[in-house]
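First up is the structure itself, then whatever we jot down about it.
The values are calculated or read from the model by the stated rules, or taken from the named source; none is laboratory data. Here the structure is a predicted model, which is why all the values come from computation and not from measurement. Cβ: placed from backbone, ideal geometry, glycine included. Neighbour counts: every protein chain shown.
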Amino acid sequence: MIFWIASYPKSGNTWLRALISSYFYSKDGFFSKDIMKNIDQFPEKIHFQGFEYDQKNITDTTKLWIAAQERINKDKEIKFFKTHNFYGAINNNNFTNNKNTLACIYIVRDPRNVITSLKNHYELSYDEAFNFIVNERKYIFDYHKKDDYSDFQFISSWKTNFQSWKYQKEFPVKFIRYEDLLDQTYFVALDLIEFINKVQKNPLEIDKIKLKNAVNSTSFDNLKKNEIKYGFSESIFSKQQNKKIPFFSLGPSNQWSQILDKKFQNKILESLKDSLKELSYL
């Protein structure tokens, strides 16, 4: 069964996967450069091998989402998967269901910091980043793969994305805020591991020393040092700078209130006020 680690882009999914990988896939809890390979992204081209589809058709893989997950689950082992997809249907094709999904951890982030992070990561203007997160028809794919939409993900808007996972009733969801994970990393991580163990019906007690090692070794500074030393597969090549943009760039220093001018802050507030209140960002 699949255990989703879901989020909108630039919301802390990578940090969460690093933390979970370090705890569950190491002996002592310490992060290492290859440990995140234990948590794949869905969808990706590899999941559709052997199926017939048109890779040049943007949404054609959606008809295979469930079939691919059924194949993943044939061995009945519990597996973590990253996704930015919204929880819903495209062309009447559901992204997942309770027959293939055990549970989900969803991490949400203040959209004002999502905007500043998107701007840096994709080399956008602030207006382009704003339009990105409010676009109800937004989708992403690996644009380096010409005419290949095999890893197409329909993410919709920031608001629709988080609400689609938060309010579904098909399977358990642990909903956390990036800011809480940042402020109280150990205790939020402890709560996450308890949730994962409970859903898996795992009777083992949490190894708190191992968890502390996982928390400390996946701090932003340590992940950034690891990227400098070994590189990072999720970093994007900059056409403007003719080099890769560091993935771990702003981190905790990403403070929208110090970066965005008042006019732009008000623009976001007018559009997302209800959601900001819902998530206690106001």
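Observations
The rows are residues; the columns are (1) over 20 Å from the mean Cα position of the chain (by Cα); (2) closer than 24 Å to Asn13 by Cβ; (3) at pLDDT 90 or above.
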{"residue": "Lys224", "(1), (2), (3)": "no, yes, no"}
{"residue": "Ile228", "(1), (2), (3)": "yes, yes, no"}
{"residue": "Phe232", "(1), (2), (3)": "no, yes, no"}
{"residue": "Ile236", "(1), (2), (3)": "no, yes, no"}
{"residue": "Ser257", "(1), (2), (3)": "yes, yes, no"}
{"residue": "Lys263", "(1), (2), (3)": "yes, no, yes"}
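- Of the residues making up region 98-133, those that are surrounded by fewer than 22 Cβ atoms within 10 Å (Cβ to Cβ), part of a helix (DSSP H, G or I) and modelled with pLDDT under 95 are Thr116, Ser117, Lys119, Asn120, His121, Tyr122.
- Among residues of region 96-109 that are without any contact (Cβ under 8 Å) to a residue 40 or more places away in the chain, those with a beta-carbon under 9 Å from a residue that is surrounded by fewer than 22 Cβ atoms within 10 Å (Cβ to Cβ) and assigned to a loop (DSSP other than H, G, I, E, B) at least six positions away or on a different chain give the pairs Lys99/Met1.
- All positions within region 35-61 that are within 20 Å of the chain's Cα centre (by Cα) and aliphatic (A, V, I, L, M): Ile35, Met36, Ile39, Ile46
- Residue count for region 144-196 under the criterion of being at pLDDT below 95, surrounded by 15 or more Cβ atoms within 10 Å (Cβ to Cβ) and in a loop (DSSP other than H, G, I, E, B): the result is 4.
- Matching residues in region 15-34 - criterion: being of a type outside the set (Lys, Arg) and either surrounded by 20 or more Cβ atoms within 10 Å (Cβ to Cβ) or assigned to a strand (DSSP E or B) (or both): Trp15, Leu16, Ala18, Leu19, Ile20, Ser21, Ser22, Tyr23, Gly29, Phe31
- Residues of region 122-154 satisfying the condition of being touching a strand residue (DSSP E or B) at 6+ places or on another chain (Cβ under 9 Å) and more than 30 Å from Ala68 (Cα to Cα): Glu123
- Unique match (being surrounded by fewer than 17 Cβ atoms within 10 Å (Cβ to Cβ), among the charged types (D, E, K, R), out of contact with any His (no Cβ under 9 Å at 6 or more places or on another chain) and at pLDDT 95 or above) among Glu136, Glu52, Glu77: Glu136
- The criterion of being crowded, with 19+ Cβ neighbours inside 10 Å, of a type in the set (Gly, Ala, Ser) and within 27 Å of Lys159 (Cβ to Cβ) holds for Ser7.
- The listed residue being closer than 30 Å to Glu52 by Cα and among the basic types (Lys, Arg), out of Arg177, Arg137: Arg137
- Residues of region 48-97 satisfying the condition of being assigned to a helix (DSSP H, G or I) and either in contact with a strand residue (DSSP E or B) (Cβ under 7 Å, 6 or more places away or on another chain) or within 24 Å of Ile196 (Cα to Cα) (or both): Thr62, Lys63, Trp65, Ile66, Ala68, Gln69, Glu70, Arg71, Ile72, Asn73, Lys74, Asp75
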